[in-house]
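The values are calculated or read from the model by the stated rules, or taken from the named source; none is laboratory data. Because the structure is a prediction, the values reported are computed rather than measured. All Cβ positions, even for glycine, are placed from backbone atoms using ideal geometry, and neighbour counts span all protein chains on display. Note: accessible area is taken over every heavy atom of the protein model, side chains too, but ligands, DNA and RNA are not part of it. Shrake-Rupley method; radii C 1.70, N 1.55, O 1.52, S 1.80 Å.
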Amino acid sequence: MNRLTNQILSGAVVTLLLVCAHNASAEKIWNWRYTSGSVVARGTLTTAETADAQGFYPILSIAGHRNGERITGLHPTGKSIPGNEPFTLDNLIRIDAQGQITPHGFGFATASGGYANTFYAEFLATPVYMEVFITPVNYSELPITFSATPVTEPEIQLDAPVGGSGKMDD
């Protein structure tokens, strides 16, 4: 390869790295957990990087387990989990001590075909987080202890090499 080809390839690689680093910051990762008696659910949420005017981030995906059973995916925004109609999900979360999720909450499916809707029941005299869990043969609605925290990610910085001209073929 000649010097010009090396410089063009080097420029293309740097551009690709910058684009990938920029796109990597377009989402926020959260650790979440809730419990209630015999129910333990935990995992990660992926949200948009920016919040709306009320401070809520749209949840884009979910991973984790509920009572050891794998969570298979986020239920669609604007839909109800099967058996919990007409209560639609908004799949929103924010950084806050109370009311991290809305009264519509977020929903997910489990590997065995169960569905959960986790929400903040601010309409109760004493607001509390709740989980509705539905299987083909069972329905439960329990108060839960819920928390979610964004994961701090390190910044990626691309600096020019120290000493030298920065050329690949010196």
Subset tally (residues that are surrounded by 14 or more Cβ atoms within 10 Å (Cβ to Cβ) and either touching a His at 6+ places or on another chain (Cβ under 9 Å) or at pLDDT below 95 (or both)) for the stretch 41-61: 3
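Kindly provide the set of residues from the stretch 42-74 that are among the hydrophobic types (A, V, I, L, M, F, W, C) and in contact (Cβ under 8 Å) with a residue 12 or more places away in the chain, ordered by number. Write out each step before concluding.
First, the residues of the stretch 42-74 that are among the hydrophobic types (A, V, I, L, M, F, W, C): 45, 48, 51, 53, 56, 59-60, 62-63, 71, 74.
Within the stretch 42-74, 45, 48, 51, 56, 59, 60, 62, 63, 71, 74 qualify.
Does residue 81 satisfy the condition of being open to solvent by less than 70 Å² (accessible area, probe 1.4 Å), within 21 Å of residue 144 (Cα to Cα) and outside any loop (DSSP other than H, G, I, E, B)? Quick ask: steps written out before the conclusion?
Working: open to solvent by less than 70 Å² (accessible area, probe 1.4 Å): yes; within 21 Å of residue 144 (Cα to Cα): yes; outside any loop (DSSP other than H, G, I, E, B): no.
So residue 81 does not fit the description; no.
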Just to be sure I understand, how many residues within the stretch 62-78 are out of contact with any Ser or Thr (no Cβ under 6 Å at 6 or more places or on another chain), loosely packed, with under 14 Cβ neighbours inside 10 Å and not in a strand (DSSP E or B)? 3
Residues within the stretch 99-148 that are touching a strand residue (DSSP E or B) at 6+ places or on another chain (Cβ under 8 Å) and open to solvent by 80 Å² or more (accessible area, probe 1.4 Å), tallied: 5
